[in-house]
Amino acid sequence: MKILKNALLAIGLIVVCGVSINAVQRDADSEESREVTNNEARERDDKSVAESYRIKALPIPKEMEFAGEAVPLEDPDVYERMDRELLVNTYWQSNALLLMKRANKYFPIIEPVLEEEGIPEDFKYLAVIESGLTQAISPARAIGFWQIMEATGKEYGLEINDNVDERYHIEKSTRVAADYLKKAKQRFGSWTLAAASYNAGQYGIDKQLERQKVNDYYDLLLGEETGRYVFRILAVKEIMNNPDKYGFNFEETDLYGHIPTNKVKVDTVVKDFPDFAKKFGINYKVLKVHNPWLRDDHLKNASRKTYYIDIPAEGYYPESR
């Protein structure tokens with residue numbers, strides 16, 4: 001009887017072990033099956049991403065020009081530098097799209113000033129690469145759409161102090177940039193060199209032309225920043241003028257709208273701009289958005305100088321509460 005019990009116990013142990021082994025094997029098979037399925041899913045997802053997002057080499061236009069001056073793309077160095085800037089600026093998609101949105105808002109302010117000043121329209125793209133069409137402040141304290149230094153701004157007649165800083169005034173700073181560029185064009189005989197001098201300074205460009213015994217921007221060996229400068233302008237111009245070609249899809253309604261303004265003459269002290277704004281049905285924030293050159297919440301104006309403050313046309317902002 002004892003022998004029978006032992007035999008039955010042994011048989012039971014064998015059955016239990018067999019069941020456990022089968023269960024472990026099934027779990028292993030199931031895990032392997034899940035892993036295969038997950039790998040297949042990942043492969044399908046990877047394939048889907050690859051099919052929907054293609055990073056392509058970009059064809060360089062056969063001809064390009066800046067302000068009516070041809071770009072010598074037959075020069076292999078010029079070709080490569082142009083290719084670089086097109087790639088960098090096309091595939092930084094979020095930035096490029098933001099520039100297009102802002103351009104729709106601000107080009108209507110910049111373009112008429114450039115035309116009045118006799119500056120080729122292509123120079124609006126110089127403002128794009130300088131500041132991204134924002135009131136930027138550089139580490140060197142160059143300020144505004146055109147990145148004007150304090151000394152340069154004062155030299156060209158801008159008012160710059162704690163109360164008013166006209167480097168932030170889009171129209172006035174555009175006129176300063178235009179004045180600089182006209183003088184540079186007169187000096188170099190080339191709009192392309194004038195553009196380069198906006199980055200390196202007229203003396204800097206003149207020195208390199210003399211040192212290297214050439215007379216063309218594309219023949220100069222320059223530092224990294226100035227060497228890329230005109231090519232960046234050209235790339236932004238090409239992409240912004242041909243967004244579909246470079247894969248940018250948007251509707252007109254996706255762009256930021258230009259808001260027309262009326263100019264209000266002020267030749268007295270303004271004690272409180274929040275109160276001033278309310279008189280025109282707007283708040284202080286909106287007033288400052290359209291007049292960033294007003295640097296404080298009041299205007300001292302002890303000399304009774306005449307200023308013109310931009311007030312947005314009715315219907316573009318919610319009524320001030």
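The values are calculated or read from the model by the stated rules, or taken from the named source; none is laboratory data. Just so it is clear, the model here is predicted, and its values are computed rather than measured. Here the Cβ positions follow ideal geometry from the backbone for every residue, glycine too, while neighbour counts run over all protein chains shown.
Taking only pairs six or more apart or across chains, which ones have beta-carbon atoms under 8 Å, a first residue in region 268-284 that is under 16 Å from E319 (Cβ atoms), and a second residue that is in a loop (DSSP other than H, G, I, E, B) and aromatic (F, W, Y)?
I282/Y317
For a quick check of your reading: which helices (runs of 4 or more DSSP H) sit entirely within region 182-248 and have at least 2 residues that are in contact with a helix residue (DSSP H, G or I) (Cβ under 8 Å, 6 or more places away or on another chain) and among the β-branched types (V, I, T)?
Counting at least 2 such residues, we get 224-241.
Consider only pairs whose beta carbons are under 6 Å apart and that are at least six residues apart or on different chains; among these, list those whose first residue lies in region 171-199 and is outside the structural domain of L220 (by TED's automatic domain parsing) and whose second residue is part of a helix (DSSP H, G or I) and charged (D, E, K, R).
Every condition considered, no pair remains.
Does Y217 satisfy the condition of being in the same structural domain as R81 (by TED's automatic domain parsing) and modelled with pLDDT of 95 or more?
Against the criterion (in the same structural domain as R81 (by TED's automatic domain parsing) and modelled with pLDDT of 95 or more), Y217 qualifies.
Could you list, in sequence order, the residues of region 94-149 that are assigned to a helix (DSSP H, G or I) and polar (S, T, N, Q)? Don't jump to the end; show me each part of the working.
Restricting attention to region 94-149, the residues satisfying the condition of being assigned to a helix (DSSP H, G or I) are 94-116, 121-131.
Answer for region 94-149, where residues must be assigned to a helix (DSSP H, G or I) and polar (S, T, N, Q): S94, N95, N104, S131.
If we scan region 197-205, do we find a residue that is closer than 30 Å to I259 by Cβ and among the β-branched types (V, I, T)?
No.
Tally the residues that are assigned to a loop (DSSP other than H, G, I, E, B) and exposed (fewer than 13 other Cβ atoms within 10 Å of the Cβ), restricting the search to region 52-71.
Adding up the residues that qualify gives 9.
Read through the list (1) loosely packed, with under 14 Cβ neighbours inside 10 Å; (2) modelled with pLDDT of 95 or more, then give the number of the only condition that Y307 fails.
(1)
Only one of I119, I148 is β-branched (V, I, T), assigned by TED's automatic domain parsing to the domain that holds A177, farther than 19 Å from G68 by Cα and buried (at least 19 other Cβ atoms within 10 Å of the Cβ); which? Step through it out loud before you land on a result.
Working: I119 fails: farther than 19 Å from G68 by Cα.
One residue alone meets the criteria, I148.
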